[in-house]
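First up is the structure itself, then whatever we jot down about it.
The values are calculated or read from the model by the stated rules, or taken from the named source; none is laboratory data. For clarity, every value in this text was computed on a predicted model and none was experimentally measured. Cβ placement follows ideal geometry from the backbone for every residue including glycine, while neighbour counts extend to all protein chains displayed. The protein model used for the area step is the full one, side chains on, heavy atoms only, and it has no ligands, DNA or RNA in it. Shrake-Rupley method; radii C 1.70, N 1.55, O 1.52, S 1.80 Å.
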Amino acid sequence: MLSTPTSPHALASPVALRSWWWPLVIFVLGTPLWLQTWEPALFVAINQWCAPLAAEFWTGLSLLGNGWGLLAVTAPLLVLAPRLMLAWLCAAPFAVLFARTGKFLIESPRPAAVVDNAQMRVVGELLHNVSMPSGHTLTAFAVASGIYYALTPVQRRQFGWVLMVLAAGAGLSRIAVGAHWPGDVVVGTSLGLLSGLLGHQVWIRLSERQFAPNAKGMQVAAVLVALSVYHLVTEELDFAENHVHQQVLTVVAVLSLLGYLRLVWRTMFQAK
């Protein structure tokens, strides 16, 4: 059983009770989508509507739902805002659990297995099964909401919309590249928000000292960022079109790690 939050940072980021209703509201309102009431027509319409934009635009947004990509994107938080780095990492296990469980229990076909491929735009590998839920969308919203709820109320009003727009872009990209139905994205959104809320309950119980540069949690976060650099350099993350994106993110992650190591060194030096 989780202990009662008493740390100072918990008091700076209250979460209203009504926030817990949002995952359910989105899930219920999206019922016609995940029941595929309007499919495949709705998928084809959205997929074709997104087609005029370059594939690299959509694959880049899709990286915001890839774990290794997200670690690199958020790597500067190691130095600039360690609280926010740990906030989304607390939400990540819930996102993994929901995504894996959903795909294990629900054997739903992907759009490419149902729709005439000549009527849709497919970017990357042609996928045919385990469509529900969209793991990329779930991950993107888990990270966005994990960070969002770790912000102060003022910061939420100023920057919260950016987080949600980026997460929504990641979800839309999954339809644009031909990988998921709109219903998969809606369910991924709902479960992602729930993951962020659950992760926040863990985060607010962390003590202040766990945000120090040399704390175990931050060290684990740095190791994960280092692993993301390895994957960015040695693998193709989801799409060949992401090659340039991966190069840029590699630079961002490496510079962030160097900044973090410098911060750790300074902390150790001051301790002496």
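See the values below:
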item: Area accessible to solvent at residue 230, 1.4 Å probe radius, in Å²; result: 130 Å²
item: Solvent-accessible area per residue, Å², over the chain with all protein chains present [probe radius 1.4 Å]; result: 50 Å²
item: Coil-residue GluC sites (Glu not before Pro) of the stretch 169-265, DSSP, other Cβ within 10 Å capped at 11; result: 235
item: For the stretch 24-171, fraction of C-alpha pairs farther apart than 26 Å, in %; result: 31 percent
item: Added length on full extension, which subtracts the Cα-Cα distance from 0.36 nm per residue, residue 96 to residue 161; result: 21.0 nm
item: Size-normalised alpha-carbon gyration radius of the stretch 137-272, reference 2.2 N^0.38 Å; result: 1.22
item: Share of carbon and sulfur in the accessible heavy-atom surface of the stretch 19-164 [1.4 Å probe, %]; result: 70 percent
item: Among (i) 63, 39, 31; (ii) 61, 59, 38; (iii) 67, 42, 34, the entry that matches Cα extents along the principal axes in Å as calculated here; result: (iii)
item: At least 24 Å along the helix axis (C-alpha) and Kyte average at least -1.0, DSSP helices within the chain; result: 82-105, 153-176, 182-203, 216-234, 243-271
item: Apportionment of accessible area to carbon and sulfur, the stretch 176-252, percent (1.4 Å); result: 66 percent
item: Directionally averaged projected area (convex hull, Cα atoms, the stretch 203-272), nm²; result: 5.8 nm²
item: Extension gain from residue 235 to residue 128, taking 0.36 nm per residue of separation minus the Cα-Cα distance; result: 36.3 nm
item: Percentage, to the nearest whole number, of Cα pairs in the stretch 41-118 over 21 Å apart; result: 53 percent
item: Mean separation of Cα contacts under 8 Å (6+ apart) over length of the stretch 136-241, as relative contact order %; result: 34 percent
item: Accessible heavy-atom area order of 184, 238, highest first, probe of 1.4 Å; result: 238, 184
item: Length-normalised contact order for the chain - Cα pairs under 8 Å, 6+ apart - percent; result: 32 percent
item: Computed [θ] at 222 nm, deg cm²/dmol, the chain (DSSP H ≥ 4; -39,500 (n - 2.57); rounded to nearest 500); result: -21000 deg cm²/dmol
